[in-house]
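Here the structure comes first, spelled out in structure tokens, and everything after it is commentary.
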Amino acid sequence: MTVNHFEHLKGKNCIITGGGGVLGASMAEALAAAGMNLAILDINPDAATFLANRIAGEYQVKALGIAANVLDKKSLEDARNVINKELGTIDFLVNGAGGNSPKATTKAEEITPGMEGLWENTFYGLEMDGFRQVFDLNFIGTLLPTMVFTKDMIDAGKGGVINISSMNAFKPLTKIPAYSAAKSAINNFTEWLAVHMGKTGIRVNAIAPGFFLTNQNRFLLTDESTGELTPRGNKIIASTPMGKFGNPEDISGTLLFLLSNLSEFITGVVVPVDGGYCAYGGV
Ligand code: NAD
């Protein structure tokens, strides 16, 4: 057996959705460092273009920044046409776009006696449009790009899809039912699609990041005015055996491993990158 690490990934074309975000940008950088050409898709075109230009200069790879909405099939098809023209066929897809919103977050962690009159702080106060928006962004926003971007892989008889899940997929966190349900659906879909595509040469896996301080959760984990950890932030640190938040770069090794042929008999798994959070029973 020869282990050539990630040499064979050089020159391959990879799409990353939500690539302009904190974890997306870090993953994009790791892919570029391995010599892969990138299409960085984001609903925020400035973030995607800025990152693409920086990465192309720094790693001597091709990198495109493309405005695309993971909930709009036409916008994804347009992006695919640009990618096919500028980079060629698509080898890999990383479904990174996702996030939570205050509109899909309950104010109270649980219903307690004496709460009568404060139902808007609980499950009963959730706004359906906010709930649907978060569920769709995370789940449909993974499903649709997979539908649009894996056809080249089917033709080539090889390829890889990496979905980005979360700790919420294994056990829901309080306050964020839409996000939890959607990430759980991503785990289920990862297994389903891995089976469905088992004989195509396309492997489908997921990474479940633990807790990383980024734009999507800063409002829950830190106090806006003081920057101090909220009680929820402290609880998370106490539930993470390694006693800290992750650094975005902590995801890179798992990402490259799952895309590379070092993992060529692995499909349908969700790998936690969580400082031990999943392993800890809380006592
Ligand atoms: P982020 O908010 O920094 O990045 C998300 C990116 O997705 C943003 O650039 C945003 O513009 C883009 N986006 C939003 N809606 C979009 C749409 N409709 N179409 C295309 N792009 C869209 O968040 P992040 O923390 O870097 O999260 C990246 C992924 O990691 C998400 O799926 C998130 O759920 C997941 N995750 C994050 C953490 C964490 O602790 N930060 C933990 C577990 C999972």
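The values are calculated or read from the model by the stated rules, or taken from the named source; none is laboratory data. Since the model is a prediction, treat every value here as computed from it, not as a measurement. Heads up, the Cβs are rebuilt from the backbone with ideal geometry, glycines too, and the neighbour counts pull from every protein chain shown.
Among the residues of the stretch 151-167, is there at least one that is surrounded by 17 or more Cβ atoms within 10 Å (Cβ to Cβ), small (Gly, Ala, Ser) and more than 10 Å from the ligand (Cβ to nearest atom)? Lay out the reasoning, then the answer.
If we filter the stretch 151-167 for residues that are surrounded by 17 or more Cβ atoms within 10 Å (Cβ to Cβ), which is where we start, we get 152-153, 159-167.
Right, trim to small (Gly, Ala, Ser) and you get 159-160, 165-166.
Those still in the list that are more than 10 Å from the ligand (Cβ to nearest atom) too: 159-160.
Looking for residues that are surrounded by 17 or more Cβ atoms within 10 Å (Cβ to Cβ), small (Gly, Ala, Ser) and more than 10 Å from the ligand (Cβ to nearest atom), one finds at least one in the stretch 151-167, hence yes.
Within the bounds of the stretch 168-180, is there any residue that is of a type outside the set (A, V, I, L, M, F, W, C), in contact (Cβ under 8 Å) with a residue 60 or more places away in the chain, in a helix (DSSP H, G or I) and within 24 Å of Val270 (Cα to Cα)? Full working, then the answer.
The initial filter retains those residues of the stretch 168-180 that are of a type outside the set (A, V, I, L, M, F, W, C), namely 168, 171-172, 174-175, 177, 179-180.
Within this subset, residues satisfying the condition of being in contact (Cβ under 8 Å) with a residue 60 or more places away in the chain are 174-175, 177, 179.
Keeping just the survivors that are in a helix (DSSP H, G or I) gives 177, 179.
So of that shortlist, the ones also within 24 Å of Val270 (Cα to Cα) come out as 177, 179.
Looking through the stretch 168-180, at least one residue is of a type outside the set (A, V, I, L, M, F, W, C), in contact (Cβ under 8 Å) with a residue 60 or more places away in the chain, in a helix (DSSP H, G or I) and within 24 Å of Val270 (Cα to Cα).
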Does Ile40 satisfy being over 21 Å from Asp136 (Cβ atoms) and either among the acidic types (Asp, Glu) or crowded, with 24+ Cβ neighbours inside 10 Å (or both)? yes
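For every residue, the table says whether it meets (1) at pLDDT below 95; (2) β-branched (Val, Ile, Thr); (3) farther than 30 Å from Gly159 by Cα; (4) crowded, with 17+ Cβ neighbours inside 10 Å.
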position	(1), (2), (3), (4)
Lys183	no, no, no, yes
Thr190	no, yes, no, yes
Met197	no, no, no, yes
Ile202	no, yes, no, yes
Asn215	yes, no, yes, no
Picked from the stretch 32-52 (must be over 17 Å from Asp78 (Cβ atoms), within 16 Å of the ligand (Cβ to nearest atom) and not aromatic (Phe, Trp, Tyr)), the residue farthest from the chain's Cα centre (by Cα) is Asp46
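Report, by residue number, each residue of the stretch 208-253 that is outside any loop (DSSP other than H, G, I, E, B) and either under 17 Å from Ser165 (Cα atoms) or acidic (Asp, Glu) (or both).
Pass one, the stretch 208-253, residues outside any loop (DSSP other than H, G, I, E, B): 208-209, 218-222, 229, 231-238, 248-253.
Once the filter is applied, which keeps residues that are outside any loop (DSSP other than H, G, I, E, B) and either under 17 Å from Ser165 (Cα atoms) or acidic (Asp, Glu) (or both), the stretch 208-253 yields Ala208, Pro209, Pro248, Glu249, Asp250, Ile251, Ser252, Gly253.
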Filtered residue count, the stretch 13-31, keeping only those that are away from the ligand (no atom under 12 Å from the Cβ) and crowded, with 24+ Cβ neighbours inside 10 Å: 2
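Of all residues in the stretch 205-225, which are without any contact (Cβ under 8 Å) to a residue 12 or more places away in the chain, of a type in the set (S, T, N, Q) and out of contact with any Ser or Thr (no Cβ under 8 Å at 6 or more places or on another chain)?
Going through the stretch 205-225, the residues without any contact (Cβ under 8 Å) to a residue 12 or more places away in the chain turn out to be 218, 222-225.
After this cut, where a residue has to be of a type in the set (S, T, N, Q) as well, the list is 222, 225.
The answer is Ser225, and nothing else.
Any residue at all in the stretch 113-126 that is within 16 Å of the ligand (Cβ to nearest atom), touching a helix residue (DSSP H, G or I) at 6+ places or on another chain (Cβ under 9 Å) and part of a helix (DSSP H, G or I)? Break it down stepwise before answering.
Filtering the stretch 113-126 for residues within 16 Å of the ligand (Cβ to nearest atom) gives none.
No, because not a single residue in the stretch 113-126 is within 16 Å of the ligand (Cβ to nearest atom), touching a helix residue (DSSP H, G or I) at 6+ places or on another chain (Cβ under 9 Å) and part of a helix (DSSP H, G or I).
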What number of residues within the stretch 226-235 are within 16 Å of the ligand (Cβ to nearest atom) and over 17 Å from Val22 (Cβ atoms)? 5
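Taking the stretch 56-76 only, how many residues are in contact with a helix residue (DSSP H, G or I) (Cβ under 6 Å, 6 or more places away or on another chain), in a loop (DSSP other than H, G, I, E, B) and closer than 16 Å to Ala97 by Cβ? Don't jump to the end; show me each part of the working.
So the first thing to find is which residues in the stretch 56-76 are in contact with a helix residue (DSSP H, G or I) (Cβ under 6 Å, 6 or more places away or on another chain), and the list is 59, 61, 63-71, 73, 76.
Remaining after also requiring in a loop (DSSP other than H, G, I, E, B): 61, 68-71.
Add one more test, that the residue is closer than 16 Å to Ala97 by Cβ, and what stays is 68-71.
Going through the stretch 56-76 one residue at a time, the tally reaches 4.
Can you tell me which of Lys175, Lys244 is within 16 Å of the ligand (Cβ to nearest atom), over 30 Å from His5 (Cβ atoms) and charged (D, E, K, R)? Step through it out loud before you land on a result.
Numbers: Lys244 fails: over 30 Å from His5 (Cβ atoms).
The match here is Lys175.
Scan Asp129, Asp152, Asp78 and give me the residue that is over 20 Å from Gly24 (Cα atoms), in contact with a strand residue (DSSP E or B) (Cβ under 8 Å, 6 or more places away or on another chain) and not basic (Lys, Arg). If you could, list the steps in order and put the result at the bottom.
Working: Asp129 fails: in contact with a strand residue (DSSP E or B) (Cβ under 8 Å, 6 or more places away or on another chain); Asp78 fails: in contact with a strand residue (DSSP E or B) (Cβ under 8 Å, 6 or more places away or on another chain).
Every option except Asp152 fails the conditions.
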